[in-house]
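**Q** The structure that follows is given in the form of C-alpha cells.
The values are calculated or read from the model by the stated rules, or taken from the named source; none is laboratory data. These numbers were taken from a predicted model, which means no experiment stands behind them. Neighbour counts run over all protein chains shown; Cβ positions are idealised from the backbone, glycine included. Note: accessible area is taken over every heavy atom of the protein model, side chains too, but ligands, DNA and RNA are not part of it. Shrake-Rupley method; radii C 1.70, N 1.55, O 1.52, S 1.80 Å.
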Amino acid sequence: MKKIVFALLGLLVLLTSIPMPAAQAASSSIVDSTATYTYARMTRDIQTLAKTYPDVIEYKSIGKTKYGRDIWAVGLGHGQATVFINGSHHAREWLTTTLNMTMIEQYAAAYTANRTFEGYNVRGILDKTKIWFVPMVNPDGVTLQQLGLSQFPASIHQALIRMNGGSTNFKRWKANLQGIDPNRQYDSYWATLEANVAYPFWRNHKGTAPVQTLENKAIVNFTYEIDPEIAVSYHSAGRILYWSFHTLAANLPRDKRLANIFRQFTGYQLMPQRSDSSGGGYTDWFITTFKRPAFTPEIGIKNGETNLSVSVFPEEWRRNKKIGLWIAQEGYALWAKKNPNPVIPLKVMIDGQAPASETQAFLRNGINYVAYKPLLKQYGFNAFWDQTTKTVTATSSASGTISFTMGSKYARVNGKVVTMGGAPIMTDNVIYVPARLISQATGAALEVDSKSGEIRFTSPAPAEPVIPPTESEQPPEAESNPVDVPAAPTSVEDSTYGES
C-alpha cells in the first residue's frame, strides 16, 4: 500500500513539474485586479504579457516623467486601423489602469486561443485593427498617491506638502509631481478654462501653458503618431459618460449613435452635449483637433476625495469588458470608409509554373503585394522574425540577405537600402511585401500582365561552371577588335499593372 501511495505521489510531482503549453498557462490571470495597482506592478505585468502573448502584444515607452518613470504604451493587434484607450490621467484614478490592463490580458488570451469574447470575433477584429493603450498616463502622480513621499527625493518633499495644502496624506492627489493637472493641459480652449487654480496644487491647476508637462507632450505626440479613429480616456468616478465638446454639427449624429451604444453597454449616464469654454481635457482636444469620436467614461461611484476601492472593480469590469473590442470594431469601420482600398486577388507564377507552396497575392492602391515567405523559401532563403523590432531577415547562400520591418517602406538587400512601393502588410497572420522586393532579393525578373494582373517571376540563369584549362592548353589570343557585349537585362522590369 505504501509503495502505491509513494508511486502516486511521485507521479503527481512529475505531472506538476511538466511545463504547461502557452495557451494553458495563459489561462491563469497575470493582472491582479484585487491589488493596489502600482507603477511597478504595471510595468512587470506589461513585460510578462508581452512574453506570454508575443503574437499580438507589443509595448514601448513613449516618454519619461521628470522622475524617470516610463510612460508605457501597449499595442494589441495587427491592423492598420487604430484606436486609443488610456487611463490614470489623474493620480487617484488608478483603478482605470487596472481596467486598461485587464482589457489587454483578456483580449490577448482570447486572440491566442482563437475564441470569441462576449460574442466578439477577437481575431477578426485585432487582425484588422490595433488597439493602443497607455494604461497609466501619470505614473509619478499615481506613485505619490499610493505610496507617499518616500518614493521621491527628500529635496522636493516640502514643495509637495505645500501643493497638498500642508498635508502629508496624498490620497486625494490628482496632479502630476509639478502640481499640474494633466487633464487640464491639452490645447483645446485652454486659455478660457474655468475653475482654474492659479498655482501648483493637488488639483485643477492647468499650468502656465498648454502641453507643458512631459506627460502631456508624450500623449500628444503619440496620438499624432498612431492617428486613432476613436479615443477613450478613462476616469473616475460617477458612472457618467462625456462624449461631445464643440463637436461639428456634421459629426453629431455619428458621435451620438456611438455614445448611445456606449451608454447601453455600461449603464453610464450620458452627459449633455457640451459647447462651453471649460476644455483642456484629452478628449476635448481630440474631438476639436481630429474631428473624430472620443469618450470620457467616469467609472464607479465617488466616495470622498480619494481613489475608488478595488472592491468595486468586478462591477466596473462587467460594465466595460466589451468596450475595447467594440471601439476597435467601430474604429475599423470609420477607417475603412476613408481607405476603401479594394483588394484584387492576383495569380503568381515562377518560371511559368505555380510556386511549390500556395502563394497569395493582391493589388492594393496600385501596388502588387505577394506573400513573401513561400517565394523566398523557393529561392532558397531561410526567414527569421524578430518580435521585438517587427523585422524579417532572410538569408540565402546564393543570393545573400534581405531584411524589412513592418510599417517601414525601407528594406535592405545585401546591405543596400531600397525603397519599396509600400510598407509590408500583415493580414490574417500572413505578411505581404511589394513583389518588386522579391525580384530585387532573388535577381528574378518581374513581369506583371497588364490584362490579367498575373505576377510572373523569371529566375536568373544559373552561372555556367568555369572549367580550368589543362596544362597543355594555351590561352586564346585576344581579338584584335573588341566584341560588343550586350548590357545585362535588369533584374526588375517595369510593371504596367500597378507598382510592384
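**Q** Whole percent per 20 Å bin, from 0 to the bin with the longest distance: what is P(r) over all C-alpha pairs of the chain?
**A** Spelled out per bin, shortest first, that is 20, 42, 26, 9, 3, 0.
**Q** Separate question: Could you order Ser403, Ser88 so the one with the most accessible surface comes first? Probe is 1.4 Å.
**A** Ser403, Ser88
**Q** Now for a separate question. Need the list of lysines near Lys64 for cross-linking: C-alpha distance under 18 angstrom, and skip anything on the same chain fewer than eight residues off.
**A** Lys217
**Q** While we're looking at this one, here's another question. Given a cut-off of under 8 Å on Cα pairs at least six residues apart, what relative contact order in percent is computed for the chain?
**A** 12
**Q** Lysines within cross-link reach of Lys337: Cα-Cα under 19 Å, excluding same-chain residues under 8 positions apart?
**A** Here the lysines satisfying the reach criterion relative to Lys337 are Lys128, Lys130, Lys256, Lys291.
**Q** When ranked by the protection proxy of mean other Cβ atoms within 10 Å per residue, highest first, what sequence do the peptides 49-60, 259-270 form?
**A** Peptide ranking by packing, descending: 49-60, 259-270.
**Q** For the full complex of protein chains and a 1.4 angstrom probe, list Val343, Val31 by accessible area with the highest value first.
**A** Descending accessible area places them as Val343, Val31.
**Q** Two-decimal Rg/Rh of the stretch 358-423 from alpha-carbon positions, Kirkwood Rh?
**A** Over the Cα atoms of the stretch 358-423, Rg/Rh equals 0.95.
**Q** Right, something else. Could you tell me the accessible area of Asp187 in Å² (1.4 Å probe, neighbours in place), rounded to the nearest ten?
**A** Rounded to the nearest 10, the figure is 90 Å².
**Q** Determine the distance separating the Cα centre of the stretch 136-187 from the Cα centre of the stretch 286-317; give it in Å without decimals.
**A** Spelled out, the Cα-based centre of one part sits 20 Å from the other.
**Q** If you count only protein heavy atoms with a 1.4 Å probe, what accessible area per residue comes out for the chain, rounded to a whole Å²?
**A** In whole numbers, the chain has 48 Å² accessible per residue.
**Q** A further question follows. Pairs Lys377/Lys416; Lys60/Lys377; Lys51/Lys373: which exceed 29 Å Cα-Cα?
**A** Lys60/Lys377, as the Cα separations exceed 29 Å there.
**Q** While we're looking at this one, here's another question. Among Phe222, Ala195, Asn183, whose Cα projects farthest towards the positive end of the dipole of the stretch 169-251, with charges put on the beta-carbon of Lys, Arg (+1) and Asp, Glu (-1)?
**A** Ranked along the dipole, the leading option is Ala195.
**Q** Ignoring ligands and nucleic acids, what accessible area does Thr283 show with a 1.4 Å probe (Å², nearest 10)?
**A** Near enough 10 Å² of accessible area.
**Q** Could you give log10 I(q)/I(0) at q = 0.17, 0.27, 0.28 Å⁻¹ for the stretch 72-111, computed by the Debye formula over C-alpha point scatterers of equal weight, without solvent?
**A** One equal scatterer on each Cα of the stretch 72-111 leads to -0.51, -1.01, -1.05.
**Q** As an exercise, find the ratio Rg/Rh for the stretch 330-456 from alpha-carbon atoms, using the Kirkwood inverse-distance average for Rh.
**A** 0.97
**Q** Applying 1/(1 + (r/R0)^6) with R0 = 35 Å to the Cβ-Cβ distance of Asp32 and Ala113, what FRET efficiency is obtained, to the nearest 0.05?
**A** With a Förster radius of 35 Å, E is 0.95.
**Q** Then there is this: Which of the lysines could a cross-linker bridge to Lys451, judged by Cα under 18 Å and excluding same-chain residues fewer than eight apart?
**A** By straight Cα distance, Lys451 reaches Lys347.
**Q** Okay, next question. What length, rounded to one decimal in nm, is gained on full extension from Asp428 through to Ala40, with 0.36 nm per residue of separation minus their alpha-carbon distance?
**A** Result for the pair: 136.3 nm of gain on full extension.
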